[in-house]
Amino acid sequence: MKILIIAVMCLTGGLALADEGDETQTEGPIEELQIRLTTMEQINVTAEKMLVESSEDVDSEIESILLDAEALEGEEAEE
Amino acid sequence: MRIQAMLRLGAWALLLVSATAIANYRFDAPDDFLAEATAWPAWAQNLERHTIEREAIRRCLEEESACSGKLKSLRYILVKGAALDRDRQLRLVNRYINKRRYRVDRRQTSLSVVPGGEAELKNHWSTLLEFLKRGGDCEDYAVAKYFLLRELGFPAKDMRVLVTYEKRARDYHAVLAIRRDDGSSWLLESDDTIVKGNHRRYRFIYALNEEGIWDHGE
């Protein structure tokens with residue numbers, strides 16, 4: 001009987017220790033992720049660039065589409 | 001002597017090609033995957049807002065009379081763009097979005113004091129329609145291109161909003177990275193250029209799309 005009680009106590013204690021170990025392992029990566037995401041969020045991404053002339057040949061169809069779209073926006077502004 | 005010179009030239013060419021390939025953005029770096037897109041609340045909320053906006057875009061595409069405001073010109077771009085090949089779609093979208101007004105989103109960098117006295121950093125991502133109405137900064141340009149190309153059928157897995165440190169500008173800068181059919185990657189810049197072959201001027205920081213977040217380490 002004594003042996004059985006001791007065995008149960010050892011088993012219970014072992015399970016409790018194992019659970020604590022699991023919790024430690026899962027908290028670590030989550031905390032690391034949050035820290036990394038916070039660091040990324042704090043990066044100030046605002047560099048501005050001026051439009052440059054493209055070295056590629058002018059695509060007349062694309063230019064025409066853009067002009068027509070711009071004209072539609074002009075109509076929107078008037079409405 | 002000639003053979004030696006040719007061998008030397010060949011070795012240098014190989015080195016240059018290898019260095020360029022290493023410097024170019026890679027979509028297939030599995031160790032860089034950090035988390036699902038939902039792990040970043042501000043980004044996840046932006047994706048949700050865009051999902052709602054897509055309904056308005058769909059209605060507008062189906063029925064022109066349902067288009068109001070910026071949707072009219074957007075509809076035109078989508079209808080005309082659908083008839084172009086992939087390369088020209090990229091050029092069209094890049095040029096169309098880059099015409100928008102540049103505006104620093106002060107909410108992205110400001111601290112606000114919340115009840116309890118603590119300050120929290122507010123991050124703001126714009127949806128496509130929000131950007132078309134108000135303009136934005138380089139991150140907003142990249143996100144708008146992402147959403148617009150998604151409407152044109154580009155798969156999410158082949159596009160990422162990529163935050164970099166640009167060595168020439170000495171500043172943090174966002175571009176849209178596109179994976180091409182041959183595995184190469186193109187970067188859609190806010191100055192109307194599309195950087196294809198050589199990404200050495202960028203240091204890659206992180207990237208995201210609706211499928212995940214990638215940490216390229218800084």
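The values are calculated or read from the model by the stated rules, or taken from the named source; none is laboratory data. Keep in mind it's a predicted model, so treat the numbers as computed, not measured. Here the Cβ is made from the backbone with ideal geometry for all residues, glycine too, and neighbour counts use every protein chain on show. When the accessible area is computed, the model is the full protein with side chains, heavy atoms only, and any ligands, DNA or RNA have been set aside. Shrake-Rupley method; radii C 1.70, N 1.55, O 1.52, S 1.80 Å.
Here are a few things to note about the model shown:
- Qualifying position, being assigned to a strand (DSSP E or B), modelled with pLDDT of 95 or more and farther than 22 Å from B:ALA35 by Cα, among B:LEU187, B:LEU148, B:LEU208, B:LEU176: B:LEU187
- Top-ranked residue of region A:65-79 - restricted to ones that are at pLDDT 90 or above and more than 7 Å from every other protein chain (Cβ to nearest Cβ), ranked as nearest to B:ALA142 (Cα to Cα): A:GLU70
- Identity of the residue in region B:50-80, in a loop (DSSP other than H, G, I, E, B) and more than 9 Å from chain A (Cβ to nearest Cβ), that ends up farthest from the chain's Cα centre (by Cα): B:GLU63
- Which numbered condition B:VAL104 fails, given (1) open to solvent by less than 80 Å² (accessible area, probe 1.4 Å); (2) within 10 Å of chain A (Cβ to nearest Cβ); (3) in contact with a helix residue (DSSP H, G or I) (Cβ under 9 Å, 6 or more places away or on another chain): (3)
- Qualifying residue in region B:81-95 (condition: outside any helix (DSSP H, G or I), open to solvent by less than 10 Å² (accessible area, probe 1.4 Å) and touching a residue at least 12 places away in the same chain (Cβ under 8 Å)): no
- For region A:53-64, a tally of residues being at pLDDT 75 or above, surrounded by 10 or more Cβ atoms within 10 Å (Cβ to Cβ) and farther than 14 Å from B:ASN98 by Cβ returns 3.
- Considering region B:193-206, the residues that are touching a residue at least 60 places away in the same chain (Cβ under 8 Å) and crowded, with 19+ Cβ neighbours inside 10 Å include one that is nearest to B:ASP31 (Cα to Cα), namely B:TYR206.
- Every condition in (1) modelled with pLDDT of 90 or more; (2) open to solvent by less than 80 Å² (accessible area, probe 1.4 Å) holds for B:GLU55 except the one numbered (2).
- Only one entry of A:MET40, A:MET50 meets the criterion of being at pLDDT below 75 and facing another protein chain (nearest Cβ under 7 Å), and that entry is A:MET50.
- Any chance B:THR38 is free of Cβ contacts under 8 Å to residues at least 12 places away in the same chain, closer than 30 Å to B:PHE204 by Cβ, within 13 Å of chain A (Cβ to nearest Cβ) and among the β-branched types (Val, Ile, Thr): yes
- Tabulated pairs, region B:125-141, first under 16 Å from B:ALA207 (Cα atoms) and of a type in the set (D, E, K, R), second assigned to a helix (DSSP H, G or I) and open to solvent by less than 10 Å² (accessible area, probe 1.4 Å), C-beta under 6 angstrom, 6+ apart or interchain: B:ASP140/B:PHE131
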